[in-house]
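The values are calculated or read from the model by the stated rules, or taken from the named source; none is laboratory data. For clarity, every value in this text was computed on a predicted model and none was experimentally measured. So basically every Cβ, Gly included, is an ideal-geometry build from the backbone, and we count neighbours across all protein chains shown.
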Amino acid sequence: MGANPEGLTREPRRDLYYFIHNVYANFFKDTLDYLSLHLVPRSQHRLISTYDKAVQYLNDYCNTDGREMDRPNLPAIIINPSGEFAPAEAMSGGKQLWRYPNLAPGMIKRIFEPVYKYDNTEVYVSFMRMAGDIEMLFLLNSFYEYCDIKMLLLQIFGGFERWIYPQFFTTFIILPEELVNYTYTNEYTGVTNTLDWEKFGAYDRLVKTINSNELVIPCNIKPIYKLTSLSDGSTRYGGADDMAEWKLAGTLNFEIEIPTYLVLNSDYKVDKIDVNLEAGSAYSIYNSFEPPELKIERTCPTISDSTSSNGICCEPTEYKFHTRYYHIVSQAEADSTSNIVITLPEEIYDTNSLIVNSKYGEMNYGDHYIVETDGKTLIIKTDNVELLEGMVIELFIYIPE
């Protein structure tokens, strides 16, 4: 079986995604937007911070230029993400082997569509399923507002301990420099090219946290949340911060797919497969492969008469297995009403040295097949043999010892 050299598959390369913090940053920002737009659309402030720093910010904001604000400073929403995130539990898919670059990275091409697939190269992104929690704090104007927000939370999250699927959030994946500058080279065909990432939606972006322009690809991710607790943090008789008398605190658990590494496959496709038997056909002999037994006691059919014209004696002889070839029946051959002609890769004059098998077992010489006098042409008699598309016809060649 011959194959184009471009069908040779190379070992996939893995590139870790180091700057994951931008994905978390976008996730927390979009979580805050989701809570504010669905729960408190009239909120004056939305902060990702600890409580103390949020209060300090609001106090400073109120005291700007020593004048009073023109509008109410509340309600305000504060979310405080926890750094205690970890891989999700096994029942959520967090322990699957393909999520880890050193365990089973080759599996991701069977799970995800490639983010880049062109010519001889394809790139896949793998995701790790992470779980964590977020603290929420609502600073409110009154007990009535407190009641409204608490009821909305219970409605939207379906009570406690129930997962919801709110919305996709947008982020981007920073492409590693090694993939941006990757050059494909095929030593067999002489083809050399670089990856055209812009053709697949990549663009330049200033990543402020690392103060660098990077080539990135957009990514949409859909997290899940569940509400695990709500508590009353109100100070009904006034407090030291004087910011709000009514405070509603809560905790969200989340699970989210975080992009963690990329896999590049080159020479991933076979452009052409030649399944016809010819002089250049390939064969293989496996250590565990046992060829069929050659029955030397059978009669000795020859191509012409009882003694072949080339002088080979037809008396029983000891034979040993030499090579194995195979032919895959095409649709045209399966539909044909005429005999099938196969060009043999070796000249066969002594038909004792040949066994022809199909899925139904060994074929009989004369009834199912014959070899022409040139020793190079095998004829399959379709009147006596059932051929199906994709059926493998095996040829076993033996030589005298």
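From the residues in segment 167-212 that are among the charged types (D, E, K, R) and without any contact (Cβ under 8 Å) to a residue 60 or more places away in the chain, which one is nearest to Gly250 (Cα to Cα)? It would help to see each step written out before you state the result.
Quick first cut of segment 167-212, residues among the charged types (D, E, K, R) only: 177-178, 187, 196, 198-199, 204-205, 208.
Next, only the ones that are without any contact (Cβ under 8 Å) to a residue 60 or more places away in the chain stay: 177, 187, 198, 204-205, 208.
Numbers: Glu177: 41, Glu187: 61, Glu198: 43, Asp204: 38, Arg205: 35, Lys208: 31 Å.
Checked segment 167-212; the qualifying residue nearest to Gly250 (Cα to Cα) is Lys208.
Restricting to segment 122-156, give me the number of residues that are part of a strand (DSSP E or B) and either under 36 Å from the mean Cα position of the chain (by Cα) or under 30 Å from Thr194 (Cβ atoms) (or both).
Here the count works out to 15.
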**Item:** Flag for Gly159 being surrounded by fewer than 17 Cβ atoms within 10 Å (Cβ to Cβ), over 30 Å from the mean Cα position of the chain (by Cα) and either aromatic (Phe, Trp, Tyr) or outside any helix (DSSP H, G or I) (or both)
**Value:** yes
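Can you tell me which residue among Ile164, Ile149 is touching a strand residue (DSSP E or B) at 6+ places or on another chain (Cβ under 7 Å) and either free of Cβ contacts under 8 Å to residues at least 40 places away in the same chain or buried (at least 16 other Cβ atoms within 10 Å of the Cβ) (or both)?
Within the list Ile164, Ile149, the selection yields Ile149.
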**Among the candidates Ser358, Ser353, residue that is surrounded by 15 or more Cβ atoms within 10 Å (Cβ to Cβ), free of Cβ contacts under 8 Å to residues at least 40 places away in the same chain and assigned by TED's automatic domain parsing to the domain that holds Leu294** = Ser358
